[in-house]
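The values are calculated or read from the model by the stated rules, or taken from the named source; none is laboratory data. Just so you know, these numbers come straight off a predicted model, no measurement behind them. Only protein heavy atoms, including side chains, enter the accessible area calculation; ligands, DNA and RNA are left aside. Shrake-Rupley method; radii C 1.70, N 1.55, O 1.52, S 1.80 Å.
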Amino acid sequence: MKVNEVKKVLVGMSGGVDSTITILLLKEQGYEVEGVYMKLHSKPGYHEIHLARAQKAADYVGVKLHVLDLQDIFNQKVFQPFIHAYSEGKTPNPCALCNRNLKFGEMIKFADEIGAEYLATGHYIKTDGKYLYAADDDTKDQSYFLFYINKDILPRLKFPLGERKKSDIKELAASIEGLESFASQAESSEICFVETTYTDVLKHYVEVDQLGEVVDKEGNVVGEHKGYMHYTIGKRRGFSVNGAHDPHFVTKIIPEKNQIVVGKREELFCNKVILNKLNFFNDEKEFESTVKLRYRTQAVACHVKIENDKAYVDLKEGVFGVAVGQAAVFYDGDKLIGGGWIIEAN
């Protein structure tokens with residue numbers, strides 16, 4: 001890159017090894033780099049630790065670090081929907097909402113404010129400016145969580161780690177004097193504001209512990225549970241089923257009655273799903289693809305038809321434990337086509 005072609009890139013910095021190596025790689029590639037740390041949730045002590053790490057990384061590489069306090073927006077766009085979803089008996093995906101509204105929403109706005117042409121993060125994913133693609137390291141691929149971002153910003157995104165292995169990133173950090181500590185940091189949790197279990201978060205806002213009835217698919221009371229928000233589709237423990245000799249699994253949640261419906265494993269296989277709030281990177285209305293119905297699950301072949309802003313998905317094989325509220329994300333090979341939110345599964 002010639003001097004007169006230097007482009008500015010804003011990098012989202014979390015204080016972790018991935019975003020730290022991202023700024024280092026971009027600086028080495030000749031970009032003018034600035035970093036931004038976003039205060040999202042209000043978990044006590046969290047930002048003090050992570051902001052200090054982000055500042056250490058910025059100081060080492062020699063880039064300016066901005067701090068954005070986005071706690072109000074995060075609460076409105078991510079946290080309250082998280083609470084509301086569990087209250088409705090659904091299983092939410094807060095990371096996908098955060099990526100659309102905060103990490104690739106508010107952060108792209110801030111990039112505009114400082115005159116940055118590009119936005120980069122330490123996500124393990126690839127892009128060619130038109131589509132997103134699964135990362136080369138399939139154990140760390142985060143494409144599932146980015147299906148909901150605005151396609152208009154794709155030409156402005158950079159993901160330096162998409163073609164690298166996580167083990168190589170840690171090894172690189174460990175080899176750089178001054179950054180060794182980043183290589184040995186514990187991995188961040190999947191949901192940043194959940195330290196232990198999601199119910200430990202919920203109980204501060206809603207009544208989680210409410211004894212209720214366990215019923216079979218005919219509606220007969222067969223046992224007792226400790227409160228419907230403790231359960232997600234497919235869970236097999238934490239409730240009683242009178243006289244049962246075989247394992248029983250949660251097949252449905254009825255929040256208005258504080259009931260959970262249970263059944264045998266075969267009752268949990270799903271062959272059709274319906275989605276709303278669609279976000280696709282192309283304009284096809286009917287196609288064959290593969291789909292992931294939950295993170296860290298195997299993609300399965302499917303047929304998709306889009307009508308009236310909903311996607312009707314026929315799965316070529318049954319999928320176990322599909323939960324309303326989760327994301328369905330479609331792929332053509334390693335290319336991410338788009339996705340939507342599950343509103344019905346049967």
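What percent does the relative contact order of the chain come to when contacts are Cα pairs within less than 8 Å and at least six residues apart?
14 percent
Accessible area per residue of the chain at 1.4 Å probe, in Å²?
Averaged over the residues of the chain, the accessible area is 49 Å².
With every protein chain present, what accessible area does Glu187 have (1.4 Å probe, heavy atoms only), rounded to the nearest 10 Å²?
Its heavy atoms expose roughly 90 Å² to the probe.
Just by accessible area at a 1.4 angstrom probe, what is the order of Phe82, Phe110 from largest to smallest?
Phe110, Phe82
Compute the separation of the alpha-carbon centres of the range 202-223 and the range 244-263 and state it in Å as a whole number.
Value for the Cα centre distance between the two parts: 8 Å.
Ignoring everything except DSSP H segments at least 4 long, calculate the 222 nm mean residue ellipticity for the chain; use -39,500 (n - 2.57) per segment, divide by total residues, nearest 500.
The helix contribution divided over the chain gives -5500 deg cm²/dmol.
What accessible area, in Å² to the nearest ten, does a 1.4 Å probe give for Met13?
Rounded to the nearest 10, the figure is 10 Å².
Once fully extended, how much extra length lies between Lys257 and Glu190, figured as 0.36 nm per residue of separation less the alpha-carbon to alpha-carbon distance?
Extra length available between Lys257 and Glu190 comes to 21.1 nm.
In the structure displayed, which of Lys77/Lys305; Lys77/Lys310; Lys8/Lys140; Lys166/Lys335 lie more than 25 Å apart, Cα to Cα?
Among Lys77/Lys305; Lys77/Lys310; Lys8/Lys140; Lys166/Lys335, the Cα-Cα distance tops 25 Å for Lys77/Lys305; Lys8/Lys140.
Nearest 10 degrees is fine. How inclined is helix 17-28 to the longest principal axis of the chain, computing both from alpha carbons?
The angle comes out near 30 degrees.
Rounded to whole Å, give me the distance from the Cα center of the range 131-199 to that of the range 295-344.
Cα centroid of the range 131-199 versus Cα centroid of the range 295-344: 23 Å apart.
First compute the accessible area of the range 161-305 with a 1.4 Å probe, then give the percent of it belonging to carbon and sulfur atoms.
So the carbon and sulfur contribution to the accessible surface is 46 percent.
Given that just one value was derived from the coordinates, which of [x] -0.47, -1.07; [y] -0.55, -1.06; [z] -0.65, -1.03 is log10 I(q)/I(0) by the Debye sum over Cα atoms at q = 0.09, 0.13 Å⁻¹?
Entry [y].
Can you sort Glu28, Glu213 by 1.4 Å-probe accessible area, starting with the largest?
Accessible-area ranking of Glu28, Glu213, largest first: Glu28, Glu213.
Go through Thr197, Thr127 and list them by solvent-accessible area, largest first, probe radius 1.4 Å.
My answer, sorted largest first, is Thr197, Thr127.
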